[in-house]
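Chemist: Starting off with a structure, shown below.
The values are calculated or read from the model by the stated rules, or taken from the named source; none is laboratory data. Just so it is clear, the model here is predicted, and its values are computed rather than measured. Don't worry about glycine lacking a Cβ; one is built from the backbone with ideal geometry, like all the others, and counts go over all protein chains shown.
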Amino acid sequence: DGGITQSPKYLFRKEGQNVTLSCEQNLNHDAMYWYRQDPGQGLRLIYYSQIVNDFQKGDIAEGYSVSREKKESFPLTVTSAQKNPTAFYLCAISDRDDGYTFGSGTRLTVV
Amino acid sequence: RKEVEQDPGPFNVPEGATVAFNCTYSNSASQSFFWYRQDCRKEPKLLMSVYSSGNEDGRFTAQLNRASQYISLLIRDSKLSDSATYLCVVNTGLTGGGNKLTFGTGTQLKVEL
């Protein structure tokens, strides 16, 4: 089954803990993105990568880190420095016609 | 000013009604435009691209006015299954090339019997 896969679907984090969200794609796309969605705020760009071994900060990168060691994988780490991590996290690839295709998302909750 | 602005709604309409959503964007250099649909607690999915000439896909019609920096979506003969949040999306591009989509906060549509 081709596409973009995010895991886990739900994640609970304790205060002060780092957690890593997985994003994998088998569509051979170069560009991958991480967005965060909060109620009433729309999607905001955290990090993006246009090629393997390179990534750039988006609009709200503080408290997050990423890596792009393989074309297929773009994991996001939510660090303890992120003060308000509870949100819906969406990974995307840049698809045809300049649009995006999203993974099914990870809901992160701080407990 | 937000880069992409939409009326959040909700728009509550009876089945069979015609409903229109509007959106404005601030970056005049924006390259391409889209409407995405997002169901509750799901990921956004591409509904349609928006072109200056206007485009139609079944009951859905999208329009772009570059001079006014205005995008619209018209849904005719609303169905219960159209109930969702509709996101106005603009490709503002990345420095050095590549796509960066900027999202409006979405307009919620509820179609009722």
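Chemist: Of (1) among the small types (Gly, Ala, Ser); (2) farther than 26 Å from A:SER94 by Cβ; (3) at pLDDT 95 or above, B:SER72 satisfies all except one. Which?
Modeler: In the conditions (1) among the small types (Gly, Ala, Ser); (2) farther than 26 Å from A:SER94 by Cβ; (3) at pLDDT 95 or above, B:SER72 misses (2) alone.
Chemist: Within the stretch B:7-21, is there a residue that is in a strand (DSSP E or B), of a type outside the set (Phe, Trp, Tyr) and closer than 21 Å to A:LEU43 by Cβ?
Modeler: Looking for residues that are in a strand (DSSP E or B), of a type outside the set (Phe, Trp, Tyr) and closer than 21 Å to A:LEU43 by Cβ, one finds none in the stretch B:7-21, hence no.
Chemist: Please determine, by comparing only the residues of the stretch A:40-62 that are among the aliphatic types (A, V, I, L, M) and at the interface with chain B (Cβ under 10 Å from one of its Cβ atoms), which one is farthest from B:ASP7 (Cα to Cα).
Modeler: The qualifying residue farthest from B:ASP7 (Cα to Cα) is A:ILE51.
Chemist: Here is a further query. Only one of these is in contact (Cβ under 8 Å) with a residue 40 or more places away in the chain and more than 8 Å from chain B (Cβ to nearest Cβ): A:GLN82, A:GLN37. Name it.
Modeler: Going through A:GLN82, A:GLN37 in turn, the sole match is A:GLN37.
Chemist: Considering only the stretch B:30-46, how many residues are on the phi > 0 side of the Ramachandran plot and buried (at least 23 other Cβ atoms within 10 Å of the Cβ)?
Modeler: 0
A quick yes/no check of all residues on (1) loosely packed, with under 13 Cβ neighbours inside 10 Å; (2) within 14 Å of another protein chain (Cβ to nearest Cβ); (3) of a type in the set (A, V, I, L, M, F, W, C):
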position	(1), (2), (3)
B:GLU56	yes, no, no
B:ARG59	no, no, no
B:GLN69	no, no, no
B:ARG76	no, no, no
B:ALA84	no, no, yes
B:VAL89	no, yes, yes
B:LEU94	no, yes, yes
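Chemist: Please count how many residues of the stretch A:4-58 are farther than 20 Å from A:THR101 by Cα, part of a loop (DSSP other than H, G, I, E, B) and charged (D, E, K, R).
Modeler: Final tally of qualifying residues: 2.
Chemist: Next up: Just one of the numbered conditions (1) touching a Gly at 6+ places or on another chain (Cβ under 9 Å); (2) modelled with pLDDT of 95 or more; (3) under 20 Å from B:GLY98 (Cα atoms) is not true of A:THR101; which one?
Modeler: Failed condition: (2).
Chemist: If you don't mind, another one. Give the residue, chosen from B:SER83, B:SER68, that is over 11 Å from the mean Cα position of the chain (by Cα), polar (S, T, N, Q) and more than 30 Å from A:LYS9 (Cβ to Cβ).
Modeler: B:SER68
Chemist: What is the one condition in (1) within 25 Å of A:GLN56 (Cα to Cα); (2) modelled with pLDDT of 95 or more that B:GLU112 does not satisfy?
Modeler: (1)
Chemist: What pairs come up if the first residue lies in the stretch B:62-73 and is without any contact (Cβ under 8 Å) to a residue 24 or more places away in the chain, the second is β-branched (Val, Ile, Thr) and surrounded by fewer than 16 Cβ atoms within 10 Å (Cβ to Cβ), and their beta carbons are under 7 Å apart, counting only those six or more places apart or on different chains?
Modeler: Pairs that qualify, where the first residue is without any contact (Cβ under 8 Å) to a residue 24 or more places away in the chain and the partner is β-branched (Val, Ile, Thr) and surrounded by fewer than 16 Cβ atoms within 10 Å (Cβ to Cβ): there are none.
Chemist: Given (1) closer than 25 Å to B:VAL90 by Cα; (2) of a type in the set (Val, Ile, Thr); (3) more than 11 Å from chain B (Cβ to nearest Cβ), where does A:ILE93 come up short, assuming only one miss?
Modeler: Checking A:ILE93 against (1) closer than 25 Å to B:VAL90 by Cα; (2) of a type in the set (Val, Ile, Thr); (3) more than 11 Å from chain B (Cβ to nearest Cβ), the one that fails is (3).
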